[in-house]
Amino acid sequence: MKNVLLISFILIFISCTNADKLPYLGNHNTVMSKNQTKVIQHFKVPDFNLTNQEGIAITNASFNNKIYIADFIFLKCPTICPIMNQQLKRVYDVFKKNKEVLFVSHTIDPENDSIPVLKAYSEQLGVDSKKWHFLHGEKKDIYKLAEQGYYTQAYQEPQAPGGYAHSGGFILVDENRHLRGVYDGTNAADVDRLIKEIVILLKEKSK
């Protein structure tokens with residue numbers, strides 16, 4: 001059985017005592033500047049190249065100077081995914097007119113969640129494909145991105161409901177690809193917190 005650590009236990013928080021300032025999450029590097037002072041380099045989501053429901057290539061550049069919320073799902077999921085999708089749609093509805101906020105859901109079952117299937121689902125959900133990307137790619141790339149890019153879990157597990165195991169977390173990413181928050185996508189109260197913290201991040205971005 002895979003030894004997968006939950007997000008809450010592997011994220012490293014950089015001090016955040018101000019309620020108007022979100023933490024930076026992930027494993028960070030400390031380097032020496034030219035004047036020999038220590039500088040923290042915050043973790044960044046690594047480069048990726050996937051395809052959205054419209055068959056368009058989506059990379060990190062697609063989110064340049066944008067805040068976005070990411071999660072990992074599969075459409076045949078019999079447990080938490082339907083709840084997650086409805087909760088994230090609730091967040092989408094709050095920010096659907098805000099050009100600074102995007103959404104991205106990665107399928108962890110690309111064999112069944114083909115690009116046409118993802119497109120049909122996004123249309124059924126009633127979302128703009130330019131604002132909420134449902135991403136498709138090779139399993140190995142998706143799973144690696146989940147673990148190394150977002151500090152979450154996504155993998156094939158025959159004993160799990162639907163055949164896959166994954167986190168129910170929503171990950172908030174800032175305009176510089178830094179991880180700034182993790183939220184329980186099955187918990188309405190925690191999703192309310194996400195909505196409030198997107199507003200905080202937007203204010204930070206505007207300064």
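Side notes on the structure shown:
- Verdict on K66 being under 25 Å from L22 (Cβ atoms) and free of Cβ contacts under 8 Å to residues at least 60 places away in the same chain: no
- Unmet criterion (only one of (1) basic (K, R); (2) over 11 Å from the mean Cα position of the chain (by Cα); (3) open to solvent by less than 10 Å² (accessible area, probe 1.4 Å)) for K130: (3)
- The number of residues in the range 177-192 being assigned to a helix (DSSP H, G or I) and surrounded by 14 or more Cβ atoms within 10 Å (Cβ to Cβ) comes to 3.
- Only one entry in A154, A160, A165, A189 is farther than 17 Å from Y68 by Cα and in contact with an Asp or Glu (Cβ under 6 Å, 6 or more places away or on another chain), namely A165.
- The lone exception for N85 - which of (1) open to solvent by less than 40 Å² (accessible area, probe 1.4 Å); (2) over 18 Å from Q153 (Cα atoms) it fails: (2)
- Residue match in the range 129-138 (condition: free of Cβ contacts under 8 Å to residues at least 60 places away in the same chain and in a helix (DSSP H, G or I)): no
- One residue from D109, D93, D113 being in a helix (DSSP H, G or I) and either farther than 15 Å from G168 by Cα or of a type outside the set (A, V, I, L, M, F, W, C) (or both): D93
- Within the range 107-127, the set of residues being in contact with a Gly (Cβ under 8 Å, 6 or more places away or on another chain), touching a residue at least 40 places away in the same chain (Cβ under 8 Å) and open to solvent by less than 40 Å² (accessible area, probe 1.4 Å) comprises just one member, D109.
- Candidate set from the range 139-173 (those that are touching a Cys at 6+ places or on another chain (Cβ under 9 Å) and not in a loop (DSSP other than H, G, I, E, B)); member that is surrounded by the fewest Cβ atoms within 10 Å (Cβ to Cβ): P161
- The range 192-207 residues that are of a type in the set (S, T, Y) and modelled with pLDDT under 95, paired with ones that are open to solvent by 40 Å² or more (accessible area, probe 1.4 Å) and not in a helix (DSSP H, G or I) (beta carbon under 9 Å, 6 or more apart): S206/E100
- Annotation note: Cβ proximity below 8 Å between a residue of the range 37-55 that is within 23 Å of Y151 (Cβ to Cβ) and a residue that is buried (at least 16 other Cβ atoms within 10 Å of the Cβ) and among the basic types (K, R) (sequence gap 6+ or interchain) occurs for K44/R177; V45/R177.
The values are calculated or read from the model by the stated rules, or taken from the named source; none is laboratory data. What you see is a predicted model; the values in this text were computed from it and never measured. Positions of Cβ are generated from backbone atoms using ideal geometry, with glycine treated the same way; all protein chains shown enter the neighbour counts. Surface accessibility is based on the protein's heavy atoms, side chains included, excluding ligands, DNA and RNA. Shrake-Rupley method; radii C 1.70, N 1.55, O 1.52, S 1.80 Å.
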